[in-house]
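Q: The structure under discussion is supplied below as structure tokens; questions concerning it will follow.
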Amino acid sequence: MTTDTDRMTAQDALIAVMTAVSVSDQRMRTAELVAIERIVIHLPVFAGYDVERIKHVAQTVLDLLTEEDGLDALFGLVRGALPERLFETAYALACDVAAADGTLREIELAMLEEIRDQLKLHRLLAAAIETGARARHQRA
């Protein structure tokens, strides 16, 4: 994502955050992929988004996470592309993806904490977002 025509957009940054949470445990689960797809198709923040870009953004995230300091580079890209008004949205979407398969693993919780820290979200706000995600993904 280095050329002017291929620069990370705010929507790409949201995809990158969701992907980072999904792959944090070294495996993208089907439920998480379906959650990302559903989010992109239905939420207004993705109106007009070219869904073909998802694969490219996901590959960029995967490539970065294999590099030393790749996580820092990823968050640098995300913060550069994402307006501050969408930081809460990014965290909410990350929480939804993490909760989608019904199990939060330690590594996913650590990634959520990293996202929360990188986006400088207040802990009480983050707790409210987390509670909402947990409620939406509760099993009967």
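The values are calculated or read from the model by the stated rules, or taken from the named source; none is laboratory data. Predicted model, so just to flag it, every value in this text is computed and none were measured. Backbone-built Cβ (ideal geometry, glycine too); neighbour counts: all protein chains shown. SASA here: full protein model, heavy atoms, side chains in, ligands and nucleic acids out. Shrake-Rupley method; radii C 1.70, N 1.55, O 1.52, S 1.80 Å.
Q: Suppose we filter the stretch 99-115 for residues that are part of a helix (DSSP H, G or I) and more than 19 Å from residue 64 (Cβ to Cβ); how many remain? Walk me through how you get there before you give the answer.
A: As a first pass, look at the stretch 99-115 and keep what is part of a helix (DSSP H, G or I): 99, 106-115.
Checking the rest, the ones that are also more than 19 Å from residue 64 (Cβ to Cβ) come to 99, 106, 109.
Residues flagged as part of a helix (DSSP H, G or I) and more than 19 Å from residue 64 (Cβ to Cβ) within the stretch 99-115 amount to 3.
Q: Starting from the stretch 120-140, keep only residues that are under 16 Å from residue 87 (Cα atoms), then list their pairs with residues that are not β-branched (Val, Ile, Thr) and not in a helix (DSSP H, G or I) whose Cβ atoms are within a distance under 6 Å, requiring at least 6 positions of separation or different chains.
A: Hits for this filter: zero, empty list.
Q: Looking for whichever is open to solvent by less than 80 Å² (accessible area, probe 1.4 Å) and either modelled with pLDDT under 95 or among the small types (Gly, Ala, Ser) (or both) here; the options are 58, 140. Which one fits? Show your work before the answer.
A: Working: 140 fails: open to solvent by less than 80 Å² (accessible area, probe 1.4 Å).
None of the other options fit; the residue is 58.
Q: Which condition number does residue 129 fail, the rest of (1) open to solvent by 40 Å² or more (accessible area, probe 1.4 Å); (2) of a type in the set (Val, Ile, Thr); (3) farther than 16 Å from residue 23 by Cβ being met?
A: Unmet for residue 129, out of (1) open to solvent by 40 Å² or more (accessible area, probe 1.4 Å); (2) of a type in the set (Val, Ile, Thr); (3) farther than 16 Å from residue 23 by Cβ: (1).
Q: For residues that are among the aliphatic types (A, V, I, L, M) and open to solvent by 80 Å² or more (accessible area, probe 1.4 Å), scanning just the stretch 33-52, find the one that is nearest to residue 12 (Cα to Cα). Working first, answer last.
A: Just the residues of the stretch 33-52 that are among the aliphatic types (A, V, I, L, M), to begin with: 33-36, 39-41, 43, 45, 47, 51.
From the residues that got through so far, the ones that are open to solvent by 80 Å² or more (accessible area, probe 1.4 Å) too are 33, 41.
On the way: 33: 15, 41: 14 Å.
Taking the candidates together, the pick is 41.
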